[in-house]
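Report on the following structure.
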Amino acid sequence: MHKSSAWPLALVYGGLIVYASLFPFAGWRDQGVAPWFFLTAPLPKYWTGFDVVTNLVGYMPLGFFLVLSALRSGRSRYALRLGVLVASLLSLLLELLQVYLPNRVPSNLDLMLNMAGGALGALSAWSLEKLGVLQRWSRFRAHWFVEDARGGLVLLALWPLALLFPTSVPLGLGQVVERLQARISDLLTDTPFLDWLPLSETELQPLLPSVEWLCVLLGLLIPCLLGFCIIRKVDKRAWFVAWVCFFGVWVTALSAALSVGPEHAWVWLSAPVKVALTSAVVMALLLLWVPRRASAALALLALGVHLSLLNQTWVSPYFEHNLFLWEQGRFIRFHGLAQWLGWLWPFAALVYLLSLLWDKDSKI
């Protein structure tokens, strides 16, 4: 029996919902009203279809993963009720907390839509279980992946979502040093601790074409190698490479469309990027026969090089402009979700790979 990926996915998704609901976590204060006042208030007069869809759909995965995790842990009797209850209580708690945030507006309509979304997701998982669809997934997983694949599956499931946040280099996740230093400097301004802040002695430079080619290549190769750590059979690995390439290209195009408009969805796909993507696919195919432990070691090496190159590069004003458009646009509610995934995914993968290589009891 393998450990299910549903429970860690539910935890990760729940944490992202909390971040997105309370972002930007600033200006907390008592506004002189009871925190539950919105429960009996009239329904909002002004709302958009986008708000309805996002509040409804946003909680569906949470309800789905909660019920799935309960089913996989032997709590099938309470699975449906547990999923609906936890999703509803989380939504209620976050709406109550929004009363203390001036930049957020609690709403009974949002609460009802969140609860309905959680219930629909929970009902979907329960129905799929009763119809035998989830059993087919279990058989598919057993046929494709090793028993201890939970961590790798969670990371691979989150990778396309991490790509939604704009990157200065296509597929270049984890470029955090420059923005992190700037944020810490702002926090330490007018304090003696600012002098203790370790800053880079050399000025960050733009990427050379050859370095950009390598970053794009590694950005696609890393999830392929991560998949090789949990997939044994060569033919399955080949199919996996095709899916990684498909999701990597199309999600990056979606990110560009959300940032600068649908007409510019493919502006990032320049000739050098095409060469880098092709090189990554060729290299992944050449590594199909590499053992799992060697795949983990190669992925760890690729991650180290990738992060080192990206974080020695400055963020161009053009990219900052695109980032401003993203953060100020109507997708601001997803800012926390995509931003933190884009920043932290490579480091989570780094920890996972190190745990695979250090664990003496691992079957890798």
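Some notes on this structure:
- Residue within segment 43-53 that is modelled with pLDDT of 75 or more, under 25 Å from residue 161 (Cβ atoms) and among the polar types (S, T, N, Q) present: no
- Leading residue by the ranking (surrounded by the most Cβ atoms within 10 Å (Cβ to Cβ)) among those in segment 142-151 that are assigned to a helix (DSSP H, G or I) and touching a Ser or Thr at 6+ places or on another chain (Cβ under 9 Å): 151
- Taking the numbered list (1) modelled with pLDDT under 85; (2) at negative phi in turn, residue 190 passes all entries but (2).
- Where helices (runs of 4 or more DSSP H) fall entirely within segment 1-105, none has at least 2 residues that are basic (Lys, Arg), more than 14 Å from residue 122 (Cβ to Cβ) and touching a Gly at 6+ places or on another chain (Cβ under 8 Å).
- Conditions (1) over 30 Å from residue 137 (Cα atoms); (2) of a type in the set (Ser, Thr, Tyr); (3) surrounded by 20 or more Cβ atoms within 10 Å (Cβ to Cβ): number failed by residue 40: (3)
Matching residues to (1) buried (at least 20 other Cβ atoms within 10 Å of the Cβ); (2) within 25 Å of the chain's Cα centre (by Cα):
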residue	(1), (2)
74	no, no
87	yes, yes
104	no, yes
124	no, yes
127	no, no
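- In summary, helices (runs of 4 or more DSSP H) completely within segment 222-317 and bearing 2 or more residues that are at pLDDT 90 or above and under 18 Å from residue 162 (Cα atoms) occur at 234-260, 292-310.
- Qualifying positions in segment 97-140 - out of contact with any Asp or Glu (no Cβ under 8 Å at 6 or more places or on another chain) and of a type in the set (D, E, K, R): 104, 129, 130, 136, 139
- The number of residues in segment 250-274 that are crowded, with 19+ Cβ neighbours inside 10 Å and either over 30 Å from residue 295 (Cβ atoms) or touching a helix residue (DSSP H, G or I) at 6+ places or on another chain (Cβ under 9 Å) (or both) comes to 6.
- Residue in segment 87-102 that is touching a helix residue (DSSP H, G or I) at 6+ places or on another chain (Cβ under 9 Å) and modelled with pLDDT under 75 present: no
The values are calculated or read from the model by the stated rules, or taken from the named source; none is laboratory data. These numbers come from a predicted model, not from an experiment. For neighbour counting, all protein chains shown are included, and Cβ atoms are generated from backbone atoms with ideal geometry for every residue, glycine included.
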